[in-house]
Structure formats: structure tokens, C-alpha cells
Amino acid sequence: MSVTVRVPAKVNVQLAVGAARPDGFHDLANVFLAVGLYDEVTVTPSPDGLRVTCEGPDAGQVPLDRTNLAARAALLLAERYGRDTDVHIHIAKDIPVAGGMAGGSADGAGALLACDTLWGTGAPRAELLDICAELGSDVPFSLVGGAALGTGRGEKLTALEVGGTFHWVFAMAARGLSTPAVFREFDRLAQGRDIPGPVASQDLLAALAKGDPHALAATVSNDLQPAALSLFPQLADTLAAGRAAGALTALVSGSGPTTAFLAPDAEAAATVADALRASGTCRTVRTAPGPAPGATVV
């Protein structure tokens, strides 16, 4: 028997970042939108104990040891329910690796739901979300999907209403960016400034609820973007190319280096994608609608 879970990527339509906390994390107001790029995580009983395999674009960059969030999810669930982690976790990647779209977090959430289903542990949803939060700040949203406001370090979720489909284009960069390095650069750039507490934009939440891409484009923001551009200045060329091609807005996705472009409709998204492919400013380009469902057994 095996269980496969499909789990989506995300884009941050707002990422408001507070000052560094004593524990090294930052308080966030993080508006997540799940989008239709998916990893699939399959778990199968294994006589050889826990092992992880991976296929797909940039699979060679994915760790296959117990640092992988999918492996850690299986270990945490097994520990809580007194089980052996005798499971093979296979990850079929389609979410960009190290791209600021929560691919690793998606795999953690996918493996957790898959192992819960395979083992029949019947963990309550609240417990699964608690394990997700232990794994990482973005992991709970990967389980939930749709749209949500993440507070605290991003793990405390409030579901948000979305009134329509938003059409996105994502440009993958030639190399990755380390999320901790981007936060360190944020702290460096913020030295000597008062950093306000992060608050979700009410105009942005209203634009999501109405399903209005033009209103959403006018309100998206990412406080980590200056830090990402400081570490990877060439991203500015990609952002400019997407805007020139007719994107309503352009921003770095999360900690980057993937850049995200909002289009008014699917046809315009295809036009922006073609222009970005021809621009020579990025490695690959994908289109995806949002919102998308969270981790789902298929």
C-alpha cells in the first residue's frame, strides 16, 4: 500500500516583517496564497527503515537525509504515536527548489498527511498543524492552502476569503537564495531604523475577497524584497522585464529568488511568460492560478 499527497506552492502577496526578536525570529504579517504548482509526496512501507528519494527539476539540490522536512515530519509523527519510521518517502518535485515558494515546507506537510493516512494514526487537524509549526514557519500553510494570514513567525493562520482566481507568472532565477541570509540582510539594512510592528493591509485583504487583480496589484508588498535585491541585484532586471511585458505588478516571492508577476487574466499571463522566457533574465518560467487547495490525498 502507498499513499500520495499533492501539495501546492505559495506566493506571499504581502510579507510585512517586524524587527528581530530575542529568539532570532521576526514577527510577520504574511498573507499566503496557494498556487497551482504542486509537489507529490508518496509514502510506502519500507523494510529498510526511513529513506527519502526525489525526482524532478533540481532534485539533486534536495537533501535526502533526515534534515529533509519530509523526513522530519515522519519522525515527529512517529514519535508522537510510538511508531517505527519504517517508510519510504518519494518526492516528485514540480515546485522550484530554493525559490521562495515553500517547496520544502510543502514536502513536509505532504509527508505528514501521507504518513498519518498510511499509518492510520488519525491525528486531529489541530495536532497536524502543531507538528507543522514545529517543522517550520511556512509548513502549516502548506497543509491548509487557499489563502491565509500568517502571524507570529507566520505559523499562526487565519483563513482568508478569496473572491476569484488570480493568474500568476513565476520566473525562476539562475541560482538560489538562502532564507536566513535574506533575513540577516534585512536586519543589516534595518540598522538604525525603527521597524513598525507588522500589520496586514486591509486594502489587500479586500482586494483578495473581491477577486480583483488590479486592486490586488496596487496593494502587494514584500518587506524582504530590498534585502533579496541587495544580495541578488540581477533580480531587478527580471522584475523590469515582467512589468514591461504587461504584468500588473511584480515582486520577489517571499525570500526569493523567484519573482512573481500578477496578470489580469490567463491570456495576459501567457504573454508575460513568453516575454520573460525571451528576456534572458531568468532560467525558467511557469504560470499558475491561485488560490489552490492545500495538501490533499490523491
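Since every read-out is calculated from the coordinates, none of them should be taken as a lab result. No experiment lies behind these values; they were computed from the predicted model shown. In this analysis, Cβ positions are derived from the backbone assuming ideal geometry, glycine residues included, and neighbour counts consider all displayed protein chains.
Worth a mention:
- Selection from ALA102, LEU15, THR296, by position along the positive dipole direction of the chain (Cβ): LEU15
- Average Cα contact separation per residue, the chain, under 8 Å, 6 or more apart, as relative contact order %: 26
- Region 54-71 and region 154-179: distance between their alpha carbon centers, rounded to Å: 21
- Using a Förster distance of 25 Å, the FRET efficiency for ARG184-ASP65 (Cβ separation, nearest 0.05): 0.50
- Residue among ALA171, ALA209, GLY24 farthest towards the positive dipole end of the chain, charges placed on Cβ: ALA171
- Sites ASP194 and ALA215, calculated FRET efficiency, Cβ-Cβ separation with R0 35 Å, nearest 0.05: 0.75
- Solvent-free Debye scattering, log10 I(q)/I(0), computed from the Cα coordinates of region 9-97 at q = 0.17, 0.21 Å⁻¹: -0.89, -1.02
- Cβ charges +1 (Lys, Arg) and -1 (Asp, Glu), total dipole of region 1-91, debye: 220
- Mean separation of Cα contacts under 8 Å, 6 or more apart, over the residue count of region 166-290: relative contact order %: 43
- Radius of gyration, Dmax [region 68-212; alpha carbons; angstrom]: 17.6, 53
- Extension gain for the segment ASP237 to ARG80, taken as residue separation times 0.36 nm less the Cα-Cα distance, is 51.7 nm to one decimal.
- For the chain, a crude dipole built from +1 on the beta carbon of Lys and Arg and -1 on the beta carbon of Asp and Glu, taken about the Cα centre, is about 360 debye to the nearest 20.
- Separation in nanometres of the label points that stand 7 Å from Cα toward Cβ, at VAL298 and ALA19: 4.6
- Rel. contact order, % - alpha carbon contacts under 8 angstrom, at least six apart, region 3-160: 30
- Given their separation in residues at 0.36 nm each and the Cα-Cα distance between them, THR53 and ALA159 gain 34.9 nm when the chain is fully extended.
- When Rg and the Kirkwood radius Rh are both evaluated on Cα atoms of region 3-160, their ratio Rg/Rh stands at 0.97.
- Loop-resident sites, region 168-254, for trypsin sites (Lys or Arg not before Pro), counting at most 16 other Cβ within 10 Å (DSSP): ARG175, ARG193
- Additional length obtainable on full extension of the chain from THR284 to GLN202, 0.36 nm per residue less Cα span: 26.2 nm
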